[in-house]
Amino acid sequence: MSYETILYTVENGVAKIMFNRPDSGHSINRVFAHEFMSVAIEATTNPDVRCILISATGSMYSFGGDLKFFSTEMDKIESTLLELTAVLHQGIQRFHHSGVPVLVAVNGMAAGGGFSLALFADIVLAAQSAKFVMAYTNAGLSPDGSSSYYLPRVVGLRRAQELMLTNRMLSAEEARDWGIVTTVVNDENLMEEAEKLAKKLANGPTKAYGAVKKLLSKTFEQSLETQLDDESRHIAAMAASEDGREGLDAFLNKRNPSFNGK
């Protein structure tokens, strides 16, 4: 399937999703929001996909909401934003609940909704020149795109309050130190490093990665007893899977495992 605002390819188990509105800073309008949801569904339901890599063309990750588009919708702006956030959030939920690792490579400014679209990933790589700013309240708006869920969990409540209320801008290094970014990479090496990591994960034990995601997604809501029960069920299921058996056999026989994602 082809898209107007997104480039989408699948190769060697890696689904690559590239935002492609460079002349508009990859900002979020109606078409982008619907295509984001559509590509999320496509990538997370394709059995050949074992890792998802999200980035953007050009030198900016995303400016966030398309304020020029919003200005054309002012007579119905409330219903427009209810529509846009509904479909955008559905896409984010798909990535959150997917059984494969999701990587984001932030290649420049991530502002407002663009910042939000860097938070839901399992691993975030950022170019040295990348910057992060919430920016919502500068336009008299409140956050969306899952930032009020992920940001406090990643940086803590006080820092989330500071970022959302003061619109403090973080450099890539600061974002890494705060836990928003996993790794900072030289600008010219960002996509090379992101693709290398995506390929490595695509060749890994996919079901085990999915179990990790499920366990971590519940850790702040569940009791210790419930979490331990989930751990027991998941590790037993993984040991009985094809990749689990292969991994155990490879370890015992001192060889490199060959995982097939099953």
Inset, instruction - Taking the options 160, 86, 105, 139, name whichever one is touching a helix residue (DSSP H, G or I) at 6+ places or on another chain (Cβ under 9 Å), buried (at least 23 other Cβ atoms within 10 Å of the Cβ) and of a type in the set (Gly, Ala, Ser). - result: 105
Legend entry - Filter pass, residue 250 being aliphatic (A, V, I, L, M) and at pLDDT below 90: yes
Legend entry - Hits in region 209-230 - residues which are among the small types (Gly, Ala, Ser), closer than 18 Å to residue 50 by Cα and touching a residue at least 60 places away in the same chain (Cβ under 8 Å): 210
Legend entry - Test result for residue 59, in contact (Cβ under 8 Å) with a residue 40 or more places away in the chain and in contact with a Phe, Trp or Tyr (Cβ under 8 Å, 6 or more places away or on another chain): no
Legend entry - All helices (runs of 4 or more DSSP H) inside region 153-262 with 1 or more residues being touching a Phe, Trp or Tyr at 6+ places or on another chain (Cβ under 8 Å): 157-166, 172-177, 190-202, 206-218, 242-252
Legend entry - Criterion violated by residue 108 - all others in (1) of a type in the set (Gly, Ala, Ser); (2) farther than 22 Å from residue 195 by Cα; (3) in contact (Cβ under 8 Å) with a residue 12 or more places away in the chain satisfied: (2)
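The values are calculated or read from the model by the stated rules, or taken from the named source; none is laboratory data. Note that the structure is a prediction, hence the values are computed from the model and not measured. Methodologically, a virtual Cβ is constructed for each residue, glycine included, from the backbone with ideal geometry; neighbour enumeration extends over all protein chains shown.
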